[in-house]
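Presented below is the structure to which this report refers.
The values are calculated or read from the model by the stated rules, or taken from the named source; none is laboratory data. As the structure is a prediction and not an experimental result, all values here were calculated from the model. Cβ placement follows ideal geometry from the backbone for every residue including glycine, while neighbour counts extend to all protein chains displayed.
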Amino acid sequence: MKQRIAIDLDLTLGEAIIHPLSNSVLGFRKRPGCIEFLEQLRQRYTLCLWSIGSRWYVDTVLAFDLGRYFDETYSWDEMSGEWKDIRRINAEYLIDDNPAYREKARDAGIEADRYVLVPAYGSPEDTADPLLWIRQIDSFVQ
Ligand SMILES: [Mg+2]
């Protein structure tokens with residue numbers, strides 16, 4: 001059986017393009033290497049998207065050619081909570097741009113190296129090295 005890996009959406013895989021006036025979602029700007037990376041990862045893992053966005057938002061974004069890479073998806077509607085506890089969905093790893101989850105995990109006795117922190121899409125660190133996020137994941141996830 002494949003191990004399960006949870007992956008955050010916003011600023012981890014890219015960024016939603018929001019209409020400035022209507023607030024409607026016009027698309028999703030995927031960060032460099034995103035699709036190739038998901039293709040590669042799904043050979044070895046069951047991929048679970050885990051967003052703190054609403055179910056409506058998640059489904060809207062996934063419709064922009066992203067949904068087919070995921071075996072399961074979780075939104076705030078089903079999985080609200082203060083932090084992303086990977087034990088709740090039996091995931092081996094979480095890939096996320098939010099450093100707070102790793103702190104919470106450590107406090108809860110979960111090995112910190114199961115929380116893979118990637119530079120947020122568009123952050124100075126990311127802009128300086130747009131494929132750093134992939135190398136960081138590769139160095140954690142075997
Ligand atoms: Mg995020």
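List of remarks:
- Residue ID - farthest from the chain's Cα centre (by Cα), chosen from residues in the stretch 104-132 that are within 12 Å of the ligand (Cβ to nearest atom) and on the phi < 0 side of the Ramachandran plot: Ser123
- Residue, nearest to Arg135 (Cα to Cα), within the stretch 67-81, restricted to residues that are more than 16 Å from the ligand (Cβ to nearest atom) and in a loop (DSSP other than H, G, I, E, B): Asp71
- In the stretch 31-59, residue surrounded by the most Cβ atoms within 10 Å (Cβ to Cβ) [restricted to those that are within 14 Å of the ligand (Cβ to nearest atom) and over 16 Å from Asp71 (Cα atoms)]: Arg31
- Matching residues in the stretch 90-120 - criterion: being of a type in the set (A, V, I, L, M), buried (at least 16 other Cβ atoms within 10 Å of the Cβ) and over 11 Å from Phe140 (Cβ atoms): Ala91, Ala105, Ile110, Ala120
- Residue check, Phe64 at pLDDT 95 or above, surrounded by 18 or more Cβ atoms within 10 Å (Cβ to Cβ) and not in a helix (DSSP H, G or I): no
- Residue match in the stretch 82-89 (condition: under 17 Å from Val141 (Cα atoms), of a type outside the set (Phe, Trp, Tyr), part of a helix (DSSP H, G or I) and touching a residue at least 60 places away in the same chain (Cβ under 8 Å)): yes
- Looking only at residues of the stretch 90-103 that are part of a helix (DSSP H, G or I) and more than 21 Å from Cys34 (Cβ to Cβ), we find that the one that is farthest from the ligand (Cβ to nearest atom) is Glu103.
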